[in-house]
Amino acid sequence: MSPDVRVRRVYEKPAAGDGARVLVDRIWPRGLRKDAARLDEWARDLAPSTGLRTWYGHDPARFGEFGRRYRAELEQPGPAAALARLRERATARPVTLLTATRDVAISQAAVLAELLRSSPAGPAGDAGRQEGGEPACYAHLVCPECGSVTTEGHQPGCSLDPARAGTQRH
């Protein structure tokens, strides 16, 4: 069963069936007192970046591209962790995502609600994944002394460079 996730304007009066009320805007809504909002959480980490928000400007023609870019932002470590916490909350009880946006249907809250309802796998969901599992880790290829990728060669003067092994004085 998919989680019970709703999207509403933060200015609307709280309803009995709201469940956990989570504000997903980066900036506090104008003219709203914090005690009047009756929030369970203010998830600033889930809000789109200022650059993306400014570019989008709630232009309905840009909503599709906004959703794609916003999902990409949600894959970054901070937002991904916040999304995982919200997903956990949504599996336990109803969640109402709140935003100050006038048209909630073309808001970041609508994108988040769709993600929470459809994909337990992550921001891109299974549809966004090409194939395979976790990304590969190449940390073992980084030289601890010079920081270069060892298969590409070491920095000049690196003592761990195998090409220099026979030229060092002891």
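Miscellaneous remarks
- Trypsin sites (Lys or Arg not before Pro) lying in DSSP loop within region 40-125, provided at most 16 other Cβ fall within 10 Å: ARG102
- Three-way shape call for region 5-128 based on the alpha-carbon gyration tensor, with the a/c threshold at 1.5: oblate
- Amide H contacts of VAL7 (H built 1.01 Å from N, under 5 Å, at least 5 apart or other chain): LEU97
- Sites matching GluC sites (Glu not before Pro) across region 9-67 that sit in DSSP coil, with at most 12 neighbouring C-beta atoms within 10 Å: GLU12
- Region 28-72 residues near the modelled ALA105 label - backbone nitrogen below 18 Å, point 7 Å along Cα→Cβ: 58-67
- Projecting label points 7 angstrom from Cα along Cα→Cβ for SER118 and THR50 puts them 3.1 nm apart.
- When ARG8, ARG93 are sorted by how many other C-beta atoms sit within 10 angstrom of their C-beta, beginning with the fewest, the order is ARG93, ARG8.
- Label point distance in nm, VAL142-ALA84, each placed 7 Å from Cα along Cα→Cβ: 1.9 nm
No value in this document is a laboratory result; all are computed from the given coordinates. Because the structure is a prediction, the values reported are computed rather than measured. Here the Cβ is made from the backbone with ideal geometry for all residues, glycine too, and neighbour counts use every protein chain on show.
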